[in-house]
Amino acid sequence: QSTGFFKNELHITESSLRTMKWNDLCEHLKNNHKITSLYGYSSNRSLTPLEISKIVMRKENYMIALFNKDILDLRIPLPFMRSKTVVTKALEWGLNFTIFSLVFDSDTNTVNDHFRTARNSPEKTRRLAKQFRTRFYAYALVSLILSPVILLLILIYMFFKYGEELKNNPSAISELQWTPFARWKFKEFNELPHLFEIRLNKSYSTAREYLAGFHDRVTEVFAKFLAFLLGAVASVLILGGLIDPVFLTDTVVGDKPLIYVLSILL
């Protein structure tokens, strides 16, 4: 549907759209009468880039407000962990399904009329509250039933996504990244995704410098000890292989030969 709009209404081919800059796309959009009339702008003036960003980011702006205004209590309800706030992709999907799919029109990304007019009608407000409650219960029940399957799919996804990267670049496992909760906290209203990623990428070097000033001595000592222990085991295996060439192939640990264990250690 989006591709057809760009092609038929804005006369932009798919190949051109892939390399087009945002400012150039705004020039095509701001004078399109179909867009201006659809979102309630008068036909005698064109859209500004800020207004276009508001249209694109309308749903995300509501999500940003949920986190910035601390409307949702996302703390873990367990002893000694009540100060921890956790946001996952599953939670974001849940919010989209239970709240935003009911509030927003999927075609225009605008607030549905029945939701907009509900604030003036107590009856409509109660009906919407009941719909939200039903959605929350349904999503919680489905999540609980499918949690083993979801966990398995997540593990498979992480294996394929990070397995090759860790094999080619083992240091990637220690790289720090912003959590989903931090990303929503940092994000500004009407900030487009590509601009947000550019701003976020600039913060990593400064964040690493800041964290470098704090040393966790226990973790540091444990990491050095673990590295020394694994290195010592690998050295013994290599020495045994030099003395007896069949030592690594004939000796079995579990159901794996020692050469397999050595390849993992190295």
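Each value in this text was obtained by applying a stated rule to the coordinates, not by laboratory testing. What you are looking at is a predicted structure, and each value in this text was computed from that prediction instead of being measured. Positions of Cβ are backbone-derived with ideal geometry, glycine not excepted, and every protein chain shown enters the neighbour counts.
Strictly over 22 Å apart at the Cα level, which of Lys7/Lys59; Lys54/Lys202; Lys30/Lys187; Lys84/Lys187; Lys30/Lys202 would you flag in this model?
Violating the 22 Å limit, Cα to Cα: Lys7/Lys59; Lys54/Lys202; Lys30/Lys187; Lys30/Lys202.
How much length, in nm to one decimal, is gained on full extension between Ser15 and Ile198, taken as 0.36 nm per residue of separation minus their Cα-Cα distance?
Result for the pair: 63.5 nm of gain on full extension.
Which FRET efficiency value, to the nearest 0.05, is calculated for Val236 and Arg208 with the Förster distance at 25 angstrom and r the Cβ-Cβ distance?
After rounding, the FRET efficiency stands at 0.10.
Would you mind classifying region 65-159 by shape? Square roots of the alpha carbon gyration tensor eigenvalues, ordered a ≥ b ≥ c; an a/c under 1.5 is rounded, otherwise it is prolate if a/b is larger than b/c and oblate if not.
prolate
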